[in-house]
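Please treat every number below as a calculation from the coordinates, not as lab data. As the structure is a prediction and not an experimental result, all values here were calculated from the model. All Cβ positions, glycine included, derive from the backbone under ideal geometry; neighbour counts span all protein chains shown.
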Amino acid sequence: MTSPRKILVTGGAGYIGSHTVQLLLEQGYDVAVVDNLSKGYRRNVPAGRLFAMNIADTKALTELMRQTRTEAVIHFAASIAVGESMREPETYFANNTCASLSLLTAMLRADVKHLVFSSTAAVYGNPHASPILESFPLQAVNPYGESKVMVETLLRWFGAIHHLTSVSLRYFNASGCDPQGRLGEEHEPETHLIPLLLRAVATGTPVTVFGGDYDTPDGTCIRDYIHVLDLAQAHILALEYLMQGGASDQFNVGTGTGHTVMEAIRAVEEVTAQKVPYVIGPRREGDPPALVASSDKLRSKLGWSPKYGDLRTIVEHAWNFARSKS
Ligand SMILES: NC(=O)c1ccc[n+]([C@@H]2O[C@H](COP(=O)([O-])OP(=O)(O)OC[C@H]3O[C@@H](n4cnc5c(N)ncnc54)[C@H](O)[C@@H]3O)[C@@H](O)[C@H]2O)c1
């Protein structure tokens with residue numbers, strides 16, 4: 001019997017990272033998690049797998065990768081709030097770009113050759129067409145997106161010079177949670193639509209919809225909601241692709257179907273059987289009217305397809321978790 005592949009997951013105590021760790025363990029991988037718990041939760045990581053460490057600490061990371069005989073890294077650790085990045089760009093370039101450089105340096109020293117990276121649809125800025133193809137220009141409109149473009153640039157050069165192979169997964173709107181409710185989405189502060197709508201239902205405090213006058217069927221923004229477990233599975237497929245000798249590449253991760261904010265509100269109302277209190281506010285600066293992925297490349301090259309593709313299922317899973325917390 002071959003021994004399980006040894007994977008290091010940065011940011012594995014956070015929302016997407018913890019779901020991916022759970023799926024990796026279920027699929028027989030041996031996982032070590034590095035997280036500084038600045039945003040994540042110790043309870044999200046199975047006992048004995050968490051190393052509370054900042055990825056900016058190159059020396060400690062190098063030693064850990066050597067000790068655990070890491071074969072590949074999945075890199076989620078980052079600061080994630082677009083609005084905050086507009087007020088504090090230095091935090092985003094330090095924690096997302098510079099800390100990723102520290103991780104890459106540690107990988108080099110520990111001779112780890114494969115990385116799956118959490119990129120984002122924010123690398124495309126305000127795209128000129130929809131659906132978005134991976135070949136569209138990278139023109140981020142905020143420091144968060146730019147900090148990820150810069151990591152994709154680092155990866156290109158570490159590939160060309162040090163032969164590190166990587167897959168950058170450009171996620172659209174991650175949402176939903178473990179159907180069994182063991183893990184969920186608990187950002188603080190929360191900026192993502194579905195947990196905010198569920199919170200509005202639970203508290204009765206209206207949620208603000210940013211803009212009702214876009215050129216979309218009902219005037220609200222269109223986004224592509226991807227279930228966190230479908231996202232997690234895309235990471236495992238990318239990992240296997242790299243470990244089997246695949247060349248570096250970039251993939252969108254979305255379903256290819258867009259939903260307006262009003263459609264999300266209706267889905268929440270159906271699932272919870274309650275009204276969502278909301279007010280329509282002004283547009284938020286830098287919000288594109290529609291962000292929908294072309295996921296053709298991910299489907300054809302990595303054989304991915306979503307298991308939880310419809311919005312109602314996503315909302316149901318998120319609602320189960322929200323209820324278990326209240
Ligand atoms: N949530 C989304 O919809 C979305 C969309 C696109 C891209 N992403 C990307 O996915 C990744 C994960 O997002 P998430 O929603 O799970 O966020 P999250 O905040 O829940 O998880 C990030 C984790 O990284 C940890 N962390 C942050 N900086 C660290 C550091 N320097 N050293 C060690 N640990 C550190 C945090 O403690 C946290 O546990 C991020 O890279 C984010 O940019 C998320």
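Computed quantities for the displayed model
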| read-out | value |
| --- | --- |
| Interchain or long-range residues, amide H under 5 Å from VAL9's placed H | ALA32, VAL33, VAL34, ILE74 |
| Helix axis angle, 228-243 relative to the chain longest principal axis, alpha carbon, degrees | 30 degrees |
| Length-normalised contact order for the chain - Cα pairs under 8 Å, 6+ apart - percent | 19 percent |
| Cα centroid of segment 1-74 to Cα centroid of segment 277-306, whole Å | 28 Å |
| Fully extended contour minus Cα-Cα distance, from HIS192 to HIS128, at 0.36 nm per residue | 20.7 nm |
| C-alpha long axis of helix 99-109 to longest principal axis of the chain, angle in ° | 30 degrees |
| Order by protection proxy (mean Cβ within 10 Å, highest first), peptides 281-290, 229-238 | 229-238, 281-290 |
| Label zone at ASP213, where the point sits 7 Å out along the Cα-to-Cβ direction: segment 121-146 residues whose backbone N lies under 20 Å | none |
| Using alpha-carbon coordinates, inclination of helix 58-67 to the longest axis of the chain, degrees | 70 degrees |
| Difference of contour (0.36 nm per residue) and Cα-Cα distance, ARG66 to ALA47 | 4.8 nm |
| Distance in nm between pseudo-label sites at SER305 and ASP30 (7 Å out along the Cβ direction from Cα) | 3.5 nm |
| Computed [θ] at 222 nm, deg cm²/dmol, the chain (DSSP H ≥ 4; -39,500 (n - 2.57); rounded to nearest 500) | -11500 deg cm²/dmol |
| Peptides ranked, highest mean first, by Cβ atoms within 10 Å: ranges 244-252, 98-106 | 98-106, 244-252 |
| Per-residue ³J(HN,Hα) for segment 177-185, Karplus 6.51 cos²θ - 1.76 cosθ + 1.60, θ = phi - 60°, Hz, x for Gly and Pro | 6, 3, x, 7, x, 6, 10, x, 9 |
| Gain upon complete extension [PHE136, SER324; 0.36 nm per residue less C-alpha separation] | 63.6 nm |
| Estimated inter-spin distance, ARG283 and THR153, nm [label 7 Å along Cα→Cβ] | 2.8 nm |
| Amide hydrogen neighbours beyond the local backbone of ALA290, cut-off 5 Å, H modeled | ILE222 |
